[in-house]
Structures are given as C-alpha cells and as structure tokens.
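Below you'll find the structure, written out as structure tokens, and then a few comments.
Every read-out reported here was derived from the displayed coordinates using simple, explicitly stated rules and does not represent laboratory data. In this text the structure is predicted, and so the values were computed from the model without any measurement. Note that we place each Cβ from the backbone using ideal geometry, even for glycine, and neighbour counts take in every protein chain shown.
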Amino acid sequence: MNIHEYQGKAILKSFGVRVQEGIVADTAEQAVEAAKKLKVDYNSDWVVIKAQIHAGGRGKGGGVKLAKNLEEVREKAGHIIGMQLITPQTGPEGKLVSKVLVAQDVYYPGESDTKEFYVSVLLDRSRGRNIIMYSTEGGMDIEEVAEHTPHLIFKEEIDPKVGLQGFQARKIAFNLGLSGDAFKDMTKFIASLYKAYEATDSSMFEINPVLKTSDNKILAVDAKVNLDDNGLFRHPDFAAMRDTSEEDPTEVEASKSNLNYVKLDGNVGCMVNGAGLAMATMDIIKLAGGEPANFLDVGGTANAETVKAGFNIILSDPNVKAILINIFGGIVRCDRVAQGVIDAYKEIGNIPVPIIVRLQGTNAVEAKKLIDESGLKVYSAILLKEAAALVTKVLENK
C-alpha cells in the first residue's frame with residue numbers, strides 16, 4: 001500500500017528519523033496558515049509547496065514550488081491544488097492533486113555547503129534479504145543513475161540473523177564521503193531508518209533526497225513509503241492511511257470483494273483462481289492472439305457472489321471483447337463453480353461479450369455438462385488448449 005509523503009515522514013519521525021518538517025493543507029488558505037506556523041516553529045521564511053500524490057517526479061510536472069512570502073504561498077498552493085499533475089510516473093492522464101504539503105525550506109539561503117544523497121531500504125528477492133541501496137547522486141531518478149553511472153550506486157546487504165550492524169551504517173556514511181558530525185548523524189539516520197522499515201512491515205522506504213545541511217545535519221527531504229498489504233493487520237493505524245482516491249477505482253471496488261485485480265490494456269478479460277494459474281492464463285491468451293485485459297484472482301473458494309463481482313469488474317472495462325474463466329477445482333469443486341457462473345450470468349442478465357469457461361479438477365466433467373446444458377451463451381472447455389482455441393475463435397468473429 002502506497003502512502004503520501006507527509007504520512008511517510010510522520011512514520012519516519014516516530015522512529016527518530018530527522019525529517020523536513022511540514023504541514024498538510026487542503027486549500028490555499030490552509031497553506032497560508034501552515035506557512036505562518038512553520039515561521040513560528042522553525043523560523044522558515046521561505047517554504048516549499050509540494051503536491052501530495054502517489055507518484056514521483058512531481059517537480060518535473062510543476063508540483064513542487066518554492067514560496068518566498070505568504071502571498072506566493074497562497075498563489076502557488078492555489079495553483080497546485082486541483083491541478084491534474086502529469087509526471088513520468090503518472091502516465092499521460094496524470095493525477096488530481098487534492099492536498100499539498102507546506103514544508104520548511106531546508107536549503108538555507110546563501111549557504112552552499114549542502115549535499116544530496118539517495119537512500120532506500122527494500123527486499124532483494126533474488127537474495128532473500130533486505131538491502132540498503134544508496135548513492136551520492138541524490139535528487140536524481142535512481143534509474144538514470146543506474147544507467148549512466150552505475151558505479152555510484154552502492155548496496156549493503158543485511159543478514160536477517162543479526163540485523164543491521166553498526167559497522168554497516170558507518171560503511172554507508174564513509175562511502176557517501178562524510179566526516180565529522182555529518183558522519184555521526186548519517187550513521188544514526190541509517191540505523192533509525194532501518195528500524196522504521198522493519199517495525200512497520202514495509203516493502204520499501206525510499207528517501208530521495210537525503211540532505212546534509214550546511215550545519216552538518218542529516219534529514220529526509222522526501223519519503224516514498226510502500227507498506228506491505230499482508231502486514232497491515234498488525235498496523236490498523238497504517239491501514240487507515242490508505243487514500244483510495246489515488247488508486248484505480250476498479251481495483252478499489254475489487255478489493256471490497258476480496259478480489260486481487262490489476263487492470264491491463266488488452267481485450268480479453270481473465271477470471272482465474274490462483275496467481276500462478278492467472279499468469280499462465282495470460283500467456284495462453286497472448287498465444288491465442290489476444291491481449292489480457294486484466295489480472296483477476298478470485299481465490300480458492302470461487303462461488304456465485306465472487307464470480308458475479310468478477311464479471312461486473314471485468315465488464316466495466318469497455319475494451320473487453322471476451323472473457324476467459326479458468327478455474328482449477330482443488331479446494332472448490334468444479335461443478336459448484338460452474339453453477340456459480342450460471343447463477344451469476346442469469347443474475348447479471350445480458351452479457352454483451354462471449355464467455356469461455358475452462359474448469360479442470362474435481363468434477364470437471366460434471367461442470368462441463370452443467371455449462372453445456374445451461375442454455376447460456378457460454379463456451380466450455382476442459383483442456384487449456386481447447387480454451388485457447390475458443391479464445392482465437394471468438395476474437396476472429398468480433
């Protein structure tokens with residue numbers, strides 16, 4: 001689950017990570033009041049207005065602005081709030097900005113002895129271990145750094161038996177070229193950051209940039225945090241941070257029915273039980289000449305209600321020209337799934353696209369008979385190659 005920058009910074013701060021202080025605002029007037037408070041609390045004559053969306057590259061799209069006085073705060077916050085912000089990570093449609101973070105200016109005017117770094121904590125799946133990835137080239141897209149100057153990216157692997165060790169934090173500070181008070185502050189920063197990552201069941205913490213100020217303090221200027229959905233039951237306060245307005249509406253609707261759904265750009269809707277089978281089904285669709293329109297895993301206990309919810313979600317995509325239902329009857333019997341498909345079809349009414357149902361496993365033959373005798377416009381198959389041939393057939397007839 002992605003969260004906003006201001007939420008990520010609040011989590012980091014609770015674990016002792018120094019952050020760029022800020023106050024979130026929903027309107028231009030609230031932004032002005034936030035700037036006044038920052039002036040009192042942190043002596044920030046200038047403030048930074050930062051759009052709060054779940055995407056990086058906000059500055060490139062005009063979503064990060066420096067304001068030198070209250071009138072500029074009002075003007076620039078008013079411009080950013082309500083804008084459709086387009087960044088390299090949003091796609092051409094962009095994202096609507098509904099709030100901004102009014103943050104203290106930590107780049108002190110007239111002072112040049114500052115340095116930006118990149119630091120992230122994430123899981124290296126190939127090694128099965130957490131790593132801290134860092135670079136002296138902060139403030140840039142890490143993908144560009146990796147492409148053009150890969151020697152400037154460092155990785156520190158963490159042994160899960162002992163966790164982050166003090167010498168590793170010191171090694172990171174040394175590789176970043178720090179010394180004196182900045183060196184000491186960076187080692188504390190790294191230790192606190194890693195503690196926050198582990199304690200929150202996160203899948204990624206990305207701080208870009210981490211700033212060394214002119215007075216040798218280390219702080220997080222930005223925070224991109226991804227919380228592991230599977231760990232949210234341990235953190236109800238984090239689960240409440242979810243901003244569904246930042247997510248695809250169809251995916252939000254699917255989650256209400258406990259369906260794992262990801263929208264794609266193809267023309268064949270998929271409804272499958274099991275992530276592995278779903279991936280194989282998407283491959284079959286491509287081999288049959290189609291393009292998968294979604295990833296949809298209904299889980300191991302597909303019934304009439306889940307099938308109906310799946311139908312409604314898939315049919316909300318106007319690009320869908322056919323639907324392939326591919327269910328392996330292990331936990332659930334195929335004939336029960338078939339009856340669920342029939343019941344859902346009848347309840348929804350006229351479904352405007354052809355449906356191919358492939359059921360394999362317990363009572364697969366009985367399930368095929370139920371489908372064939374239902375009188376509905378549904379094609380049934382038992383073998384995967386039969387389902388692929390039917391996908392080809394219905395697409396050719398479109």
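General observations
- For the stretch 276-289, backbone phi angles converted through the Karplus equation (6.51, -1.76, 1.60; θ = phi - 60°) give residue-by-residue couplings of x, 5, 4, 5, 5, 5, 5, 5, 4, 4, 5, 5, 7, x Hz, Gly and Pro being listed as x.
- Listed values for the stretch 156-162 are Karplus-derived 3J(HN,Hα) couplings in whole Hz (6.51 cos²θ - 1.76 cosθ + 1.60, θ = phi - 60°), namely 10, 8, 9, 6, x, 6, 10, and x replaces Gly and Pro.
- Fully extended contour minus Cα-Cα distance, from Y42 to D141, at 0.36 nm per residue: 32.7 nm
- GNM flexibility winner over the chain from V97, V378, V64 (Cα, springs under 10 Å): V378
- Rounded to the nearest Hz, the phi-derived 3J(HN,Hα) couplings of the stretch 22-33 under the Karplus curve 6.51 cos²θ - 1.76 cosθ + 1.60 (θ = phi - 60°) are x, 9, 7, 9, 9, 9, 5, 5, 5, 5, 5, 4, where x marks glycine and proline.
- Zone residues, the stretch 45-61, relative to E72, backbone N less than 13 Å from point 7 Å out along Cα-to-Cβ: 45-49
- Contact order normalised by residue count of the chain, Cα under 8 Å, 6+ apart, percent: 12
- Residue-averaged [θ]222 nm for the chain, counting only DSSP H segments that reach four residues, each worth -39500 (n - 2.57): -11500 deg cm²/dmol
- The Cα center of the stretch 1-26 and the Cα center of the stretch 313-357 differ in position by 43 Å.
- Extension gain, Q84-E305: 0.36 nm per intervening residue step, less the Cα-Cα distance, totals 75.9 nm.
- Shape summary of the stretch 21-105, radius of gyration then Dmax from alpha carbon positions: 12.2, 40 Å.
- Furthest towards positive pole of dipole, G57, G128, N312, structure part the chain, Cβ charges: G128
- Sorted ascending by nearby beta carbons within 10 Å, beginning with the fewest, T114, T281, T244, T187 become T244, T114, T187, T281.
- Paired Rg and Dmax values of the stretch 248-396, which use every Cα atom, in angstrom: 13.4, 38
- Amide hydrogen neighbours beyond the local backbone of G274, cut-off 5 Å, H modeled: V298, G299
- Angle in degrees between helix 70-80 and the longest Cα principal axis of the chain, rounded to the nearest 10: 20
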